[in-house]
Each structure stands twice: as structure tokens, then as C-alpha cells.
Amino acid sequence: MAGESGVLIICETDPSGELRSITGELLAAARTLADSMSGESVSAALIGRGVAAKAQEVIALGADTVYVVDDPIFEHYLSETFVPAAIAVREQANPKVILIGHTPNGRELGPSLGFRLDTGVSTDTTEVNIDPSSGGLVAARSLAGGLFRQVTAFNRLPHVATVHMKAYDAAEPDAARTGQVVNVDASVDASQAQTRFVSHTEVAVEGIRMEDARIVITGGRGLGSSEAFDDLTKLADMTGGAVGATRAAADSEYCGQDIMIGITGRVVSPEVYLAIALSGASQHMAGCSGSKNIVAINRDPEANIFKESRFGVVGDYQQVLPAFIEELENLGTA
Ligand SMILES: Cc1cc2nc3c(=O)[nH]c(=O)nc-3n(C[C@H](O)[C@H](O)[C@H](O)COP(=O)(O)OP(=O)(O)OC[C@H]3O[C@@H](n4cnc5c(N)ncnc54)[C@H](O)[C@@H]3O)c2cc1C
């Protein structure tokens, strides 16, 4: 296809039909790219069952045009139905760049789409830019737990990239934004699918979801016990935060594996990341380096976490933490 222009993002919705936060993050990344392409447009593919009602929300988050593929066969993600739907949207939108979330679904959709479009794909991308000389996409990602940075340029259109969660901050929704909504008939034949949806289970969360928390309090192996994690939970309750852990702490069974942060765990970017008795290994930092303020407590002044922190206290957490909690109580946060 000739005449490609602008950026297309693929929206994601949760099982209850709400937009997942990655949708806003992709739109923010797309807007940055489109602005550096002399103000080209941002479009979004909204694929699912009963999703048409969400089109205005997508526009409020930054899309100029929303292509809606609304059909019961898209109730659950299957690459065999979503890839042809995305291709149908691409044929109408004809974008230069397609951005997809590096989520469980997007990790499959991105490479599958790239293969079908016979183009290159950058996965788990943390930064996207337009090369001013070629006008093409330049996508960067970190490798080996942040030890290396890989930069990829593309020579075929469209350029496809899956984008690391929390790599971009979603714009505040603007209900006054206007845009175009286009209904697309993807003519997907679900009977040809070789796979079928069986079930989906969301992990039950007590308190605030870690990815949405403004404060994340993370404990490392240096805490030494599961009882110490109970203290972190108290602190999280006081501050409205969520508790995270390093792999070493989770492997030591001081806490569950589900709260592990890092390259093989969850990715967070809160306002405040309180890192307690953890060394700051690159594999851990891959999950929290997007935090606005990292505050470390560690008894080793040479610990790597201090290089990554805005504020730090050198000392035994068993002395520092009670004093910290007392100060919070004095401030009336409790
Ligand atoms: C392929 C691969 C993937 C990995 N993925 C991840 C991942 O996703 N997430 C992750 O977290 N790790 C991951 N790891 C493990 C990672 O390399 C580190 O081993 C791990 O992050 C270390 O955890 P830690 O900082 O809790 O423990 P340690 O490195 O043992 O650090 C403990 C820290 O606590 C301090 N300390 C001890 N006692 C006290 C005290 N009383 N008061 C204050 N400070 C104290 C020490 O000075 C030390 O700095 C991965 C490793 C590999 C090889």
C-alpha cells in the first residue's frame, strides 16, 4: 500500500469491557510520534464485543479516528480472529506506524501481525521516535535486565512495535476532544480458528492494584522474614500504597510470587517507590525504573539502589522504618 500516514494503535479492553490503561499509554506515544511527523493523525483500532460505546473515551485520550470492529466473535482475544481484524483496520487507516501494548495479548498479536504484513517488529519497546532523516520509526528497548539498549530502525512499512507497559504516561482524558468513528466489517470467519477460548481468571487483589498505586513499598531479601512483609503491608495501608517484592524475597518465601517486580515480574511507575533492603539488581530495576521518585533504605552504602534513587537512607531498616512510620503518624498521614 502506498501513501501511508500517521500512527495506528490497537486498543485493549478488560473482560468487563473497560479500556485497559495501556490504551492511554499507546495514545500518548502515538501522539508524540504523530507530532514529529508534521502533525499526522493518530487512529485507534477498537476490537471487541460491545466496544463501540468506548469510542468516545478513546477519542478523549487522544485518537483522531477510531476504527470500531464490534462483533460477538471478538469477545475474547484469539490471534486467529484479532489479526485479520487488525489487518482490516490497517487497510482503511493505512498508517506508517502500528503500536500495540506489550501485554500478554499484544506479545502474540504484534509478531503475528508483523508476519502477516511482511514487515519488521520491535518488541517490548521503551521509547519510540521518528528519525528526521528517513521519516521512519526508531524503536529502543532494554535487554538483559537493563544492561544493554537496543535501537532498531525499519526499512519496510508499516513499522510495528509492541510498547512496554508504563513506558509512557497516558494523557488526562479530554471529554471535549472530537474525532471520527468508523465502523469496520472485518468479515472474520471464526469457524476457521484452530484455537478456542477456554477461561480467563483475574488474580484477586486485596487493596489497591500495584500498577495503579501512587506509592509502591517494595521489600528485598534483606528484610529477612515474612513478618517484616506484614510491616510493609501496614505501611501500605497507612499510605494508600501497594506492596511489592524482589525475586530474591519471593524465592525466599517471605511473600507471594505474584507481587514480584522486575524483568520477570510486574512493571510499575508510581510517584514514590520505597525500596527497602534490596540491592537494586538490573533485573529488578527493569520493573521500577520508570518510578518518579525512588527512595532507598539499605545498610550498604555501596548498594546499587542508591545510584538509582532520588533519596536514600543508609542504615538498618529495622531502625529506619519505625522512625519513618512514626514521622508519618506525626504528619497525620495515618
Ligand atoms: C534471568 C533473571 C531474571 C531475574 N528477574 C528478576 C526480577 O524480575 N525481579 C527481581 O527482583 N530479581 C530478578 N532477578 C534476580 C536479581 O538478579 C537479584 O538477584 C535480585 O533482584 C536480588 O534481590 P534483593 O535485592 O532482594 O536481594 P540481594 O541482592 O541479596 O540484596 C539484599 C539487600 O538488602 C540489604 N540489607 C540486608 N539487610 C538489611 C537491613 N537489615 N537493613 C537494610 N538493608 C539490608 C543488603 O545490603 C542488600 O543490598 C533475576 C535474575 C535473573 C538471572
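The values are calculated or read from the model by the stated rules, or taken from the named source; none is laboratory data. Predicted model only: the values in this text are computed from it and were never measured. We place every Cβ from the backbone using ideal geometry, glycine too, and count neighbours over all the protein chains shown.
Looking only at residues that are among the charged types (D, E, K, R) and touching an Asp or Glu at 6+ places or on another chain (Cβ under 9 Å) in the range 209-225, which one is surrounded by the fewest Cβ atoms within 10 Å (Cβ to Cβ)?
ARG214
Just give me the residues in the range 90-122 being within 19 Å of ARG31 (Cα to Cα) and surrounded by fewer than 20 Cβ atoms within 10 Å (Cβ to Cβ), in sequence order.
Scanning the range 90-122 gives a single hit, ASN94.
Could you give me the residue pairs with C-beta distances under 7 Å whose first residue belongs to the range 298-309 and is in the same structural domain as LEU321 (by TED's automatic domain parsing) and under 13 Å from ALA277 (Cα atoms), whose second residue is charged (D, E, K, R) and within 6 Å of the ligand (Cβ to nearest atom) wherever it lies, and which are 6+ apart or on separate chains?
Cβ pairs passing all conditions: ARG299/ASP316.
Take ALA334 and decide whether it is part of a loop (DSSP other than H, G, I, E, B), away from the ligand (no atom under 11 Å from the Cβ) and either in contact with a helix residue (DSSP H, G or I) (Cβ under 7 Å, 6 or more places away or on another chain) or at pLDDT 95 or above (or both).
So ALA334 passes the test.
If you check every pair at least six apart or on different chains, which have Cβ atoms under 6 Å apart with a residue in the range 82-108 that is within 21 Å of VAL268 (Cβ to Cβ) first and a residue that is of a type in the set (D, E, K, R) and assigned to a loop (DSSP other than H, G, I, E, B) second?
GLY101/GLU12
Among the residues that make up the range 260-283, is at least one of them touching a residue at least 24 places away in the same chain (Cβ under 8 Å), more than 12 Å from the ligand (Cβ to nearest atom) and aromatic (Phe, Trp, Tyr)?
Scanning the range 260-283 turns up at least one residue that is touching a residue at least 24 places away in the same chain (Cβ under 8 Å), more than 12 Å from the ligand (Cβ to nearest atom) and aromatic (Phe, Trp, Tyr).
Going through the range 16-64 one residue at a time, which ones are in contact with a strand residue (DSSP E or B) (Cβ under 8 Å, 6 or more places away or on another chain) and among the hydroxyl-bearing types (Ser, Thr, Tyr)?
Listed by number, the residues that qualify are THR23, THR32, SER36, SER41, SER43.
Is one or more of the residues making up the range 230-243 closer than 30 Å to TYR168 by Cβ, within 8 Å of the ligand (Cβ to nearest atom) and of a type outside the set (Lys, Arg)?
no
May I ask you to verify whether SER279 is surrounded by fewer than 22 Cβ atoms within 10 Å (Cβ to Cβ), outside any helix (DSSP H, G or I) and not basic (Lys, Arg)?
yes
Going through the range 22-38 one residue at a time, which ones are under 13 Å from ASP64 (Cα atoms), touching a residue at least 24 places away in the same chain (Cβ under 8 Å) and charged (D, E, K, R)?
ARG31
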